[in-house]
Amino acid sequence: MAQAKVALVTGGAKGIGLAVARRLAREDWRVVVADPAAPPPDLAARHVAADVADEAQVDALLAGIAAQEGRLDALVSNAGFMLRKPLRDLTLGEWNRVIGANLTATFLLVRAAEAMLRAARGAVVTIASTRARQSEADTESYSASKGGLVALTHALSVSLGPEVRVNCVSPGWIHTRGDAPRPEDHAQHPAGRVGRPEDIAALVAWLVGPESGFVTGAEFVSDGGMTRKMIYAA
Ligand SMILES: NC(=O)c1ccc[n+]([C@@H]2O[C@H](COP(=O)([O-])OP(=O)(O)OC[C@H]3O[C@@H](n4cnc5c(N)ncnc54)[C@H](O)[C@@H]3O)[C@@H](O)[C@H]2O)c1
């Protein structure tokens with residue numbers, strides 16, 4: 001029997017990353033989740049408590065996969081967070097933390113994973129955001145990090161081809177926590193609803209799978225149509 005494919009999902013303990021990890025596990029991938037937080041115990045994955053913004057921890061994470069799983073077919077670089085803070089109050093340390101987790105981590109991960117990904121003729125999927133191209137106030141560090149990630153994605157696709165495909169998913173509003181979206185939150189989307197983590201997981205599963213072989217360097221927006229909607233006050 002063919003050896004199961006191996007996927008690394010960063011930030012896979014909850015939210016979108018957890019949905020991706022569940023989906024890939026269901027499709028018989030061997031899944032490794034890298035996250036300081038522990039995923040739910042029912043997730044069929046090996047958990048590594050790692051901060052992917054830290055160079056030494058990333059190198060140890062990939063060395064561990066080489067030693068334990070012995071291959072890497074897919075990297076889903078999903079870990080990230082948003083800081084909302086007025087520019088005048090944003091410290092350089094805070095800026096660097098957001099850029100570190102949301103952008104630099106992907107550089108560190110792909111650099112450490114390159115040899116295994118090439119050997120497996122694998123795929124990388126980065127999780128950016130529609131905020132790479134549009135903003136609310138007080139989100140400079142997040143928007144900059146996601147814009148950088150979109151650009152890093154196409155740069156990597158050129159450098160790592162033809163062995164490794166590298167694509168990006170930019171989610172819009174995906175409900176992962178807190179109060180349920182209101183009817184008007186759903187209704188403002190051309191698709192008629194707010195997004196679910198499973199929406200992103202389905203796209204990621206296709207991008208790391210065998211049917212997307214002619215797709216690399218691309219950004220896929222999954223936002224229920226919100227960034228296509230022209231908004232003027234009545
Ligand atoms: N939820 C949305 O509406 C939305 C929209 C657009 C983009 N995104 C992006 O999708 C990704 C996942 O978002 P989410 O809403 O599921 O977030 P979430 O906060 O629910 O989960 C993020 C996970 O990433 C982990 N994480 C954070 N920093 C890390 C680090 N340095 N190293 C390892 N793990 C780390 C956290 O511990 C957490 O388990 C993020 O990159 C986010 O920017 C989310």
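Helix 140-160 versus the longest principal axis of the chain: what is the Cα-based angle in degrees, 0 to 90, to the nearest 10?
Between helix and principal axis, roughly 40 degrees.
Using helices alone, I'd like the mean residue ellipticity at 222 nm for the chain: each DSSP H run of four-plus residues gives -39500 (n - 2.57), total over residue count, nearest 500. List each step's numbers first, then the result.
Details: 7 runs with 88 residues, N = 234.
My calculation for the chain gives -12000 deg cm²/dmol from helical runs alone.
Peptides 38-51, 164-177: what's the order by average Cβ count within 10 Å, highest mean first?
Listed from highest to lowest mean packing, they are 164-177, 38-51.
Within the range 1-93, which GluC sites (Glu not before Pro) sit in a loop by DSSP and count at most 15 neighbouring Cβ atoms inside 10 Å?
Taking the range 1-93 and a limit of 15 other Cβ atoms within 10 Å, the loop GluC sites (Glu not before Pro) found are 27.
Which whole-number percent gives the relative contact order of the range 6-227, counting Cα pairs below 8 Å spaced six or more residues apart? Don't skip to the answer; put the middle values down first.
Numbers: 443 pairs, mean separation 44.4, N = 222.
Reported as a whole number, the value is 20 percent.
How many angstrom lie between the C-alpha centres of the range 153-210 and the range 31-87?
19
Going by amide H atoms built from the backbone, whose H comes under 5 Å of the H on residue 31, apart from near neighbours?
Counting only residues 5 or more places away or on other chains, the set is 7, 46.
All other residues with a Cβ under 9 Å from the Cβ of residue 45 taken together, and with Lys, Arg as +1 and Asp, Glu as -1, what is their net charge?
Summing Lys/Arg as +1 and Asp/Glu as -1 gives +3.
Pulled fully out, how much extra length does the chain show between residue 67 and residue 155, if you take 0.36 nm times their separation in residues and subtract their Cα-Cα distance?
Extending this stretch completely gives an extra 28.8 nm.
Counting Lys +1, Arg +1, Asp -1, Glu -1, what net charge surrounds residue 118 among other residues with beta carbon under 14 Å of its beta carbon?
The answer is +1.
Rounded if a/c is under 1.5, else prolate if a/b beats b/c, else oblate: with a ≥ b ≥ c from the C-alpha gyration tensor eigenvalues square-rooted, which is the range 1-68?
oblate
So what's the net charge close to residue 223: Lys and Arg +1, Asp and Glu -1, counting the other residues with Cβ under 12 Å from its Cβ? It would help to have the intermediate numbers written out before the result.
Details: positive: 131, 133, 193, 228, 229; negative: 199, 219.
Value of the local net charge: +3.
Angle, helix 105-120 long axis vs. longest principal axis of the chain, Cα atoms, 0 to 90°, nearest 10?
It is inclined by approximately 40 degrees.
Determine the equivalent ellipsoid of the chain by diagonalising the alpha-carbon gyration tensor, then write out the semi-axes as square roots of 5 times the eigenvalues, largest first, rounded to whole Å.
28, 20, 18
For the chain, what is the charge dipole size about the Cα centre, in debye to the nearest 20, if Lys and Arg each add +1 at the Cβ and Asp and Glu each add -1 at the Cβ? Numbers along the way, then the final one.
Details: 25 positive and 25 negative charges, 63 e Å.
Computed charge dipole of the chain: roughly 300 debye.
Any read-out appearing in this document is the output of simple, stated calculations on the displayed coordinates, not a laboratory observation. Since the model is a prediction, treat every value here as computed from it, not as a measurement. Every residue, glycine as well, gets a Cβ built from its backbone with ideal geometry; the counts of neighbours run over all protein chains shown.
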